[in-house]
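The values are calculated or read from the model by the stated rules, or taken from the named source; none is laboratory data. Just so it is clear, the structure is predicted and the values come from calculations on it, not from any experiment. Here the Cβ is made from the backbone with ideal geometry for all residues, glycine too, and neighbour counts use every protein chain on show. Just the protein is used for accessible areas: all its heavy atoms, side chains included, with ligands, DNA and RNA removed. Shrake-Rupley method; radii C 1.70, N 1.55, O 1.52, S 1.80 Å.
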Amino acid sequence: MLRGAHEGQLTAVTGALTAASVLCQVEPVGRWFEAFIKRRNINVSASFQELEDEKELSEESGDEELQLEEFPMLKTLDPKDWKNQDHYAVLGLGNIRYRATQKQIKAAHKSMVLKHHPDKRKAAGEQIGEGDNDYFTCITKAYEILSDPVKRRAFNSIDPTFDNSVPSKSEAKENFFEVFSPVFERNARWSNKKNVPKLGDANSSFEEVDAFYSFWYNFDSWREFSYLDEEEKEKAECRDERRWIEKQNRAARALRKKEEMNRIRILVDNAYSCDPRIKKFKEEEKAKKEAEKKAKVEAKRKEQEAKEKQRQAELEAARLAKEKEEEEVRQQALVAKKEKEIQKKAIKKERQKLRTTCKNWNYFSDNEADCVKMMEEVEKLCDRLELARIMLYIYFATQKEIEEINEQIRREKEEAEARMRQATKSSEKLTTGGGGGSKNWPEDDLQLLIKAVNLFPAGTNSRWEVIANYMNLHSTTGIKRTAKDVINKAKSLQKLDPHQKDDINKKAFDKFKKEHGVVPQMDSAAPSERFEGSPLDSSPWTTEEQKLLEQALKTYPVNTPERWEKIAAAVPGRSKKDCMKRYKVSFSYPELVEMVKAKKAAQEQVMNATKVKK
C-alpha cells in the first residue's frame, strides 16, 4: 500500500513498482505430502483436511451400513470360559474379523449393549444371571479385548478361524498356483513388512520368483502367542511367583513361535519343490552350465590344437634347421675332403719332384752307400714334411742349377754393359738424385733399384743394406752404393710423377729389345698383387710380424675354414690382404729363389765387413 500524501500534495508514482510477492517452489512434507500423493493418484485437487473429512464420512457411512451377524450360541456361553470364545463372533463381527476398525468395533459393542444389556432384558421379563455369571459378561470381555490394540493383536495371532494347514506336495502336482496362491495370501497377514510379493503365475520372470522365495525364506512374522498363556501374572501373590509365571509363559511362547516358523518353512519348501517355474529355471541353468562347459571344453580343445600345431611347427622348423646344419656340415666335409685330396695330390706331385731332382743329382753323393742313405733320408722327408717344406727342399736341391743360369745371365749383362753405358749417360742429368747429389744414377741402376726393392720387401732384416749390397753385386756401372744413397734415391723415386716412372721402364725395355733382338714372352698368368702397386707405398714388415706370419701359416694349414681371417687376426695391425700379399712375396717359388740368394749375398757381405773391421 502506498503511503498517503500530506495535505495540499498529490500522490504519484515516479518509478516502476516492484513485485509485491515472489514465486517460490515449495515441496510438501509430512502429512501434506501424503495428501499430495493421494490427490495425484486420484487426479483431484483437495486439501488434506478435506481428505480426512471424506475418510471420516466414508467410515461413518460404513458404520451405518455395518450389518452385524447374530451369534446363535451367545446366550449359552460360559462367562468363566471367556478366553476360549470368539470375540469377533460375540460382537457380531464374524464376517469382517481382523479387518474391522475401532469405530466398527465400538459401534458393534454399542449395538450389542442396547440389545443384550441386563437391565433391558430384565425390563423385558427375561431371567438375568447373578453378577458375572450372565452371558453379557462375554460381550464386555470381547469388547475389552478388541478395543485394546495389544490384546487384540494377541487374539488375532491365535485367530480360531485361521487355517494353519500346509498343502502337501502331492496336492500341488497338477494345479500348483490354484493350491498355493491362497495359502500364501492368507499367511501374508502375519508379515511385519508391507508389500508382500505375490506368488505370480507361470509367466513370472526369474527375478520375481527369486524375490518371492527370498522374502518367504526370510519371513519376519509378528505373530505371537501371549493370549494362550496358561497363567496370568496378575494373579500371582508375590514377586517371585510373578517372575516364575513370566518365565513359564516366555518358554511356552518361544516354543509356539518355533512351531509357527517351522510351519512357514515347510510351506515354502513344499511350494519351492513343486513350483514348475523353479524346475524350468533349473533346467535352463543346467542347460546354460552345460553350454558353458561345452564352450570351455571346445575352447580348451582349440587351445590344445593350437599348442599342438605350434609344437609341430617348432619341431618341423627344428628338423629343417637340423637338416640344413647337417647339409652345411656335409658340404664343409666335402670341401675339406676336396681340399685334402688336392693337397694330397700336390704333396704327391712335389714328393715325386723332390725324388726326381735328388735322383738327377745322384742324391748329392759320389759313393753308393751315401746315395742309399741319402735316398732313405729323402723318403723320410717325403713322409714327414708338409708341402711348403718339400717345395723349399726342392729349391735347395735345384739351387746349383739356378746359380749356373744366373751366372750365364750375369755374363750376358756384363757384355751388354759397355754398349749401354754410353746410352745411359744422356739421361743421367734427368735421373740424378740421392747420395747427397754426389753420385749419378743411370737407367740401369734405376731399374736395378726398382727390382731390388721388389725382391726385398718391407720387413726384411737390414733391408736397405741388403738392397745396397745387391746393387753393388749386379750393377754394371761399377759405382758403389751405400744404404743412405739407396734410401735417398728411393724417396726421390716416390716423389716422381707416375709418367716419369713409366718412361724409365719403357727405356729399359727398349734397350733390352735392342740388345737381344727378341721380345720376351709375357706370362699369361695374372700378375701378382705385389706388383700392382709400388711396394714403397705400404708400411714395412718388421721381423716380429714376419715371425708371427710364419707361425700363423703353420698353425692354420690349407684346409682350415676362414684361414686368412684367422691368420690376419694372429698378426696385429695387418689385414687379410696384407698377409696374402706378404705370403706371395715370401713363399712364391720364383721370388723365393731370388730372395734367398739376395739374403745369402747380404749375409756374406755383412760377414766380410765384420771381418774387415776386426
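What GluC sites (Glu not before Pro) does segment 104-165 have in DSSP loop regions with at most 12 other beta carbons within 10 Å?
Counting only loop positions with at most 12 other Cβ atoms within 10 Å, the GluC sites (Glu not before Pro) in segment 104-165 are E126, E130.
Under the definition of Cα pairs under 8 Å and six or more residues apart, what whole-number percent is the relative contact order of segment 176-274?
Across segment 176-274, relative contact order equals 27 percent.
In segment 187-271, which trypsin sites (Lys or Arg not before Pro) are in a loop and have at most 10 other Cβ atoms within 10 Å, using DSSP for the loop call?
K194
For segment 96-186, which whole percent of the accessible surface, found with a 1.4 angstrom probe, sits on carbon and sulfur atoms?
Its accessible area is 51 percent carbon and sulfur atoms.
Give K151/K257; K345/K566; K302/K324; K340/K451; K122/K233; K349/K373 a once-over and call out the pairs whose C-alpha atoms are over 28 Å from each other.
K302/K324; K340/K451; K122/K233
Considering segment 231-348, what Rg and Dmax in Å follow from its alpha-carbon atoms?
Both quantities, over Cα of segment 231-348: 44.9, 144 Å.
Rounded to the nearest whole Å³, what is the per residue volume of the convex hull around the Cα atoms of segment 285-337?
Residue-normalised Cα hull volume stands at 24 Å³.
Take segment 176-274, drop everything but the C-alpha atoms, weight them equally and run the Debye formula without solvent; then report log10 I(q)/I(0) at 0.10 Å⁻¹ to two decimals.
So the normalised log intensities work out to -0.40.
Which value, in Å², gives the accessible area per residue of segment 230-278 when a 1.4 Å probe is used on the protein heavy atoms?
Here the residues of segment 230-278 average 71 Å² of exposed surface.
Per residue, what accessible area does segment 74-157 have, given a 1.4 Å probe and all protein chains present, in Å²?
Per-residue accessible area for segment 74-157 comes out at 54 Å².
What Rg and what Dmax come out for segment 74-157 when only alpha-carbon atoms are used, in angstroms?
Looking at segment 74-157, its Cα Rg and Dmax stand at 12.8, 40 Å.
For an R0 of 56 angstrom, estimate the FRET efficiency from the Cβ-Cβ distance between S168 and Q304 and round to the nearest 0.05.
After rounding to 0.05, the efficiency reads 0.60.
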